[in-house]
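In what follows, a single structure is set out as structure tokens and then discussed.
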Ligand code: SER
């Protein structure tokens, strides 16, 4: 990871160099800002609709409370900074998006296109490629029924991409937008620039963090079960015990983002990569929770609609391309994720 300059760039521009992180207050934002700061990055600019907590603020050179849909904010960023890298983490997750699909579209698609355009304008103004990192999701896949889902096993990036959720539709479309901006943006314009954006996208599975509790997602039953047990609270799981999707711990997700960001461009054979650490059923997660928190009270009361959403997601994904192209290697399987990361960190958190 290179360290970007802290202040005025060496080209005499009076704008400060910046790595932009939107959705900075979310679960991935927390981990990413901490990791980039620990790696010596002092050019971080965090944006979130709520004020960031103090440790987050202290790790950023500047922070903004604002909405990625607000074009005035985007113009302000354009005038203030020389942006070399953008992590567009702002999103309305899958459960919340089903209550307000149009608002989700505004943020997930409208916000992303604002930032893609900002990246293209930045490249035009400072003359260098802007790296654009985008977290996508297993929600871009869509199975009509569980028979097809379980028969398919681990799916590649291009298989079964007919999402049934607004969030999945938004993410899949933004993957395409990213590819368009990177390779075909304004392809008929005489003054088009050949290379403006270096778009790189990870399709995350369900993420489980010991440090933060998720909100608004549908894979949240995994982390919620563990956090509830650690707090001594009963948990009613909203999917059937046999429900299976891939998961990953948050430190592995951050590691994957950093590795993909740092990969040499000529190593990459595609824009979008599957990553996963282990595939687990809700029952398998519950059993490990009970093993580590013997008093845990977990019951299953499937919610038909949320069940249908998770049933439409693959039981596993094939991460061969990520392994081959940029050396992705998961650190954990389910048991080691519990023993080496989740249980010690969660116990410390609630101690
Ligand atoms: N974890 C996301 C969600 O549940 C899916 O990627 O919305």
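Does residue 325 satisfy the criteria of being in contact (Cβ under 8 Å) with a residue 40 or more places away in the chain, surrounded by fewer than 18 Cβ atoms within 10 Å (Cβ to Cβ) and in a helix (DSSP H, G or I)?
Yes: the conditions hold for residue 325.
Using beta carbons and a limit of 7 Å, which pairs, at least six apart or on different chains, have the first residue in region 203-218 and within 18 Å of residue 334 (Cα to Cα) and the second one within 6 Å of the ligand (Cβ to nearest atom) and in a loop (DSSP other than H, G, I, E, B)?
Once the first residue is within 18 Å of residue 334 (Cα to Cα) and sits in region 203-218, its partners that are within 6 Å of the ligand (Cβ to nearest atom) and in a loop (DSSP other than H, G, I, E, B) give 206/219.
Among the residues of region 218-260, what is the count of those that are within 14 Å of the ligand (Cβ to nearest atom), closer than 18 Å to residue 277 by Cβ and not in a helix (DSSP H, G or I)?
The qualifying residues number 8.
Residue pairs, Cβ under 8 Å, 6 or more apart or interchain, first in region 21-33 and farther than 11 Å from residue 56 by Cα, second at pLDDT below 95. List them.
Pairs that qualify, where the first residue is farther than 11 Å from residue 56 by Cα and the partner is at pLDDT below 95, are 27/212; 27/214.
Test of understanding: among 133, 177, 188, which residue is surrounded by 14 or more Cβ atoms within 10 Å (Cβ to Cβ), over 30 Å from residue 281 (Cα atoms) and more than 14 Å from the ligand (Cβ to nearest atom)?
The unique qualifying residue is 177.
Name, by its number, the condition in (1) assigned to a loop (DSSP other than H, G, I, E, B); (2) touching a residue at least 24 places away in the same chain (Cβ under 8 Å); (3) out of contact with any helix residue (DSSP H, G or I) (no Cβ under 7 Å at 6 or more places or on another chain); (4) more than 28 Å from residue 265 (Cα to Cα) that does not hold for residue 162.
Only one criterion in (1) assigned to a loop (DSSP other than H, G, I, E, B); (2) touching a residue at least 24 places away in the same chain (Cβ under 8 Å); (3) out of contact with any helix residue (DSSP H, G or I) (no Cβ under 7 Å at 6 or more places or on another chain); (4) more than 28 Å from residue 265 (Cα to Cα) is unmet by residue 162, namely (2).
The values are calculated or read from the model by the stated rules, or taken from the named source; none is laboratory data. On a predicted model such as this, the values are computed, not experimentally measured, just so you know. Please note: Cβ atoms are built from the backbone with ideal geometry, for glycine as well, and neighbour counts cover all protein chains shown.
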